[in-house]
Structure formats: C-alpha cells, structure tokens
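The values are calculated or read from the model by the stated rules, or taken from the named source; none is laboratory data. Computed from a prediction, not measured in an experiment: that's the story for all the values here. Virtual Cβ from ideal backbone geometry, glycine too; neighbours counted across all protein chains shown.
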DNA sequence: GCCGTTTTCGGCCCGACTGTTTTCAGTCG
C-alpha cells in the first residue's frame, strides 16, 4: 500500500505530540512539527522521491535524522521511535490533547496524577471532583474540561469555504452597523481561501473597542461566548463555527491583518526574517527596539521587511517569502481574467436550465464562450446523451450561436473514461466537438496502478482534451481516488492534454497543491464551474481561489484566452496526428 | 532536531487570555 505525504506528516505530528507529553526539548519538537508541515505541503510524493533516490535533505526543515525516519516510514510503513512512544503513552491522550484547556503539561499531569488516559476516564474524574485537587488545576478548569469533553464528542467538522462565507457575511454586516466601527475585515483561513474553514477571524478598528467585542457577544446567532475581553472576543455560532474578533488601534490595522490572516507558519517565517534584521514583528507593527516602524497597512508591514505585499492565498509557508525576497512572486490569476467557462450542463442531462438560459447567463457575466458538456451515454443516472441526442444538441447549438452576438456556445461533452481506458463516444463524433472534457464517474476503487493506467490510456486517444475533476474527491464525504497524479500530469504534458480545476465548492479538484504541481510540470488547467444552473456559474471564484493558492497565473489557465487563442491549443494534437 | 553572507555551536516568534495564582504557567492562535 503506497503511503501519502499526509500520512507521513501525521506520523511526525503525532511524534511531536507524544514528545511534548514526555517533556522533550521544545526545539526538537518544533523540528518535527516543521518537518510535518514541510512534507504536508510538498507537491511531490516523498515515497516517490525515496524510490528515485533523491536527497530528502533538500527539503527545508528536513535534516539527516528526519530524512532517515522518512525513509524508514516509506519503506516499512512504520516508525520505531513513534511505536516506542505509543507503547508508553495510551492512544487516548491524543484526544485529550485536542481539548482547548489541555496541552501537553496538563495531559501529563492528569495521566500521571490520576491515571486518566482517555476522554471517558477524564469525564469521570471531573464528575468525581478529582481534577480540582491536582496542583495547578481548580474547580473552574474541571468545569471547562467537562464542557470540552462534551463538545469534542459532538464536534462538527470544518465547514466548507462556501458555507463559512454564508455564515460570516451577516456577522460582518452586523459589526459594520455598530456605531464608531471603521474597518471590518475577515482574516484567517477564510481570507487565505482555504477549501475548508475551522474558525473565523475578524479584525476591526473602532472608536470604542469594547463596544465592538460586546456587539459580537450579543450577535443573535451566538450560541456561546467563549472569551470576552476589552479588545478581543471569541464566540461559538450555533452551527459549531467559532468566530474570533480582535479590535485594534488604527495604526496597527495592517499588522493585525497580517497576524490574523496567517498562516501561523507564514507568520513565523516573517518574524524570523525580522529578527535577522534586528526588528520585531507583532500584531501591533514592525519595531526596531521600542521604535514603531510600520503597521497601518499590510503593504507597510511587508515593505518594512524588504518584501512586496504577498497575496493572502500564498501565505502558507510554501516558499512565498523566498520568492518575495527574490522578486519572483507570480502575478496570480483573477476572476476578471477569465473569458469563458469550459464545463456546464443543461436539462438535456442533469442540469436545471436550457441551452439558451445558460448561454444568456454566461454572456451576462461578460464571458465570450461557454462549453456545454452534458454527460455521455454510459452515465445513465445523469441522463447521459446518446449519440443521436448529442448530434441534435450540436445542431441546436449551431442555430443558437447564429442569434448570439459576441458570444458562442461550444459543442462539448463530459465524456466517460470507461474502466478499460476507452472513451464513451465514437471518434467521428469526438472529432466534431469543440472541446472534450473527459472524466471518471465509476469504478472509483481501482488500484493506484490500474487507475493511473486507465487515465493514461484514455489520454492516448488523440481526442482526449481536459481531464475533469481528476481525483473525484468530495470534500468531507469521499476521499480522492487512488491515482499517481504526478504520472498523470507528466502524461498529460507529453500528450498535449490538460486538467481541470473544478470549482464546485464541495469538489475543488484539482486542489491547490496539485495545481502547483501541474504548473511545475507544465500542464495548463481549465478553471470550470461544472455549473448545473445559471447561478452556479458564480462558483468560478472558488476555482480561482484554489488556482491562486497553487500559484497559477493567467498564462497557466486555458480559459483566460479568447476562443481564437484557445482553439489551437485544444486542436494541436489532432493536427499533429493528421486526424 | 535544524540551520548558518553575523554562527558548524548556540541559537530557535510573540502577545492575550485564563485560571491558578500572590507573581506566573499553560495554552492558543
């Protein structure tokens, strides 16, 4: 069974957790966490790197010792050091560590003082009043632990980016309406446009800070106020989403925005850079000794550190600071760069609107083209079009295009990649399409090798165009299929094929990390909404978000081009093969 | 345990809040 980077990273994180409980050198612990982060955000698979004999020490944060451990993990699937620690500390301690009031010190005290090693035992100890008797613990802490155990049992998962947006918009409106409030900005992972959101951070400037924190605490949807100070408030909304608000002085607004936008790893890099310059960075500004240098706007903070402003989507400690220092930050693609959408459905298969309704909606967005990609025959559950119906739709598109000014519908299909790697439409029909979107919808559980071969074989067909939603994941519901994405991307480049960034908020597929890998390998992407109704064309921004997080610029994206410029890119292989 | 146009040894990001405290440790973001 191949091992994914995320699993390797999780092992080092667990190692760090257990070492914390053990009371190991905190800097050594940090080294493991840094390594976990470095591996987690790596585009390439460490297992493949090891197989190719590449030097893992080239990865920043990985030295000789951790490189050896990575090799042990990918070759044996185990890490003896971790297994030794697991033998010494019960598995339930990890659950305890996840509680807000408990860190490694208190978990260790509870385990050694009371023999408590899981949430159930912890709850019993609290109910029996034993916890308050431990040194450093009290009655209040005992009560908090009880509440946190209960919450952990009913814990809600991270919410989708789109869900968080819907919940947060009215809060922002509520805060803006408070008297004396000047600036309100959502920071955190929502501003970095991560695919899921754990909690929401909001930065505010106002004439009266306490009035704003009070205002949040009194917001109608608040279920519980977790903390409530003069300049800071933390509340839990009914759906389980936590909102942290920070009121800041005007001159610190930019520094606070940097600080609360994160990521944490990005901030650590910034402060480390500052220290080398003999500066200090905190949420109030950039300081030289006690002297305040900058902080009113984000641009000022970065400039004081010798950097250009870095777009929030890049602030993940994936090399953005080095790129900023070198002046090689990419100009990122924007929604405004897009000239069309390359995947949309109609009532002919499983969509909700007609050809004309979809065309009008796309044109109203300022697009020049929209590809109609109703499903192919094998996908019966989605009303896939048989050959005759598709041919009739193509005629209808021709007629409609004659009535549309400055806009055209593109003839297309979302073509099934069958289990044997063949495409679900005959070549003569494929040849008549403007764009060919190819996708897997069935047999998702093939082995990694078989699934990879299936897609590469499909790409051998000279009519293969764009691989749609390549990993088939549904965020929080279905994991990605087992597939060697690096091989798929290299195969796509060799064959002149492309991949999709599907903008459906529950797909976001390719994700940001694979977008970056596609760019490195040299495969262009289509940012497509896969819209099933006119309103879903707006989802495009979520696809753009992930593309930006993957460092993609306008040139890396197919549909930033006019149809005249795009067409030869899609036709190229047919010309080359003479078909 | 990692890392180095200040260092191959001696550093390693910073402040608010909570709960326990009579001056601060622990945790979080």
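Some observations on this one:
- Residue match in the range A:190-207 (condition: surrounded by fewer than 18 Cβ atoms within 10 Å (Cβ to Cβ) and within 23 Å of residue A:250 (Cβ to Cβ)): yes
- Tally of residues being part of a helix (DSSP H, G or I), within 14 Å of DNA strand B (Cβ to nearest atom) and in contact (Cβ under 8 Å) with a residue 40 or more places away in the chain across the range A:4-33: 10
- Among the criteria (1) free of Cβ contacts under 8 Å to residues at least 60 places away in the same chain; (2) in contact with a helix residue (DSSP H, G or I) (Cβ under 8 Å, 6 or more places away or on another chain); (3) closer than 29 Å to residue A:225 by Cα; (4) surrounded by 12 or more Cβ atoms within 10 Å (Cβ to Cβ), the one residue A:61 does not fulfil is (3).
- Those residues of the range A:216-242 which are farther than 20 Å from residue A:164 by Cα and in contact with a strand residue (DSSP E or B) (Cβ under 9 Å, 6 or more places away or on another chain), in sequence order: A:227, A:228, A:230, A:231, A:232
- Taken over the range A:151-183, residues that are more than 21 Å from residue A:545 (Cα to Cα) and touching a helix residue (DSSP H, G or I) at 6+ places or on another chain (Cβ under 8 Å) amount to 11.
- Residue A:134 falls short on exactly one of the conditions (1) within 14 Å of DNA strand B (Cβ to nearest atom); (2) in the same structural domain as residue A:236 (by TED's automatic domain parsing), and that condition is (2).
- The range A:442-480: number of residues that are in contact with a helix residue (DSSP H, G or I) (Cβ under 8 Å, 6 or more places away or on another chain) and either under 20 Å from residue A:528 (Cα atoms) or part of a helix (DSSP H, G or I) (or both): 12
- Some residue of the range A:375-392 being surrounded by 15 or more Cβ atoms within 10 Å (Cβ to Cβ), under 20 Å from residue A:529 (Cβ atoms) and modelled with pLDDT of 95 or more: no
- When residues in the range A:137-147 are screened for being part of a helix (DSSP H, G or I) and within 8 Å of DNA strand B (Cβ to nearest atom), 6 of them pass.
- Some residue of the range A:336-345 being in contact with a helix residue (DSSP H, G or I) (Cβ under 9 Å, 6 or more places away or on another chain), without any contact (Cβ under 8 Å) to a residue 24 or more places away in the chain and surrounded by fewer than 17 Cβ atoms within 10 Å (Cβ to Cβ): no
- Of all the listed residues (A:262, A:254), the sole one being in contact (Cβ under 8 Å) with a residue 24 or more places away in the chain and within 12 Å of DNA strand B (Cβ to nearest atom) is A:262.
- For the range A:321-335, the set of residues classified as under 24 Å from residue A:36 (Cα atoms) and buried (at least 21 other Cβ atoms within 10 Å of the Cβ) consists of A:321 only.
- Residues of the range A:278-304 satisfying the condition of being within 14 Å of DNA strand B (Cβ to nearest atom) and either touching a residue at least 40 places away in the same chain (Cβ under 8 Å) or in a strand (DSSP E or B) (or both): A:280, A:281, A:282, A:285, A:286, A:287, A:288, A:291, A:292, A:293, A:295, A:301
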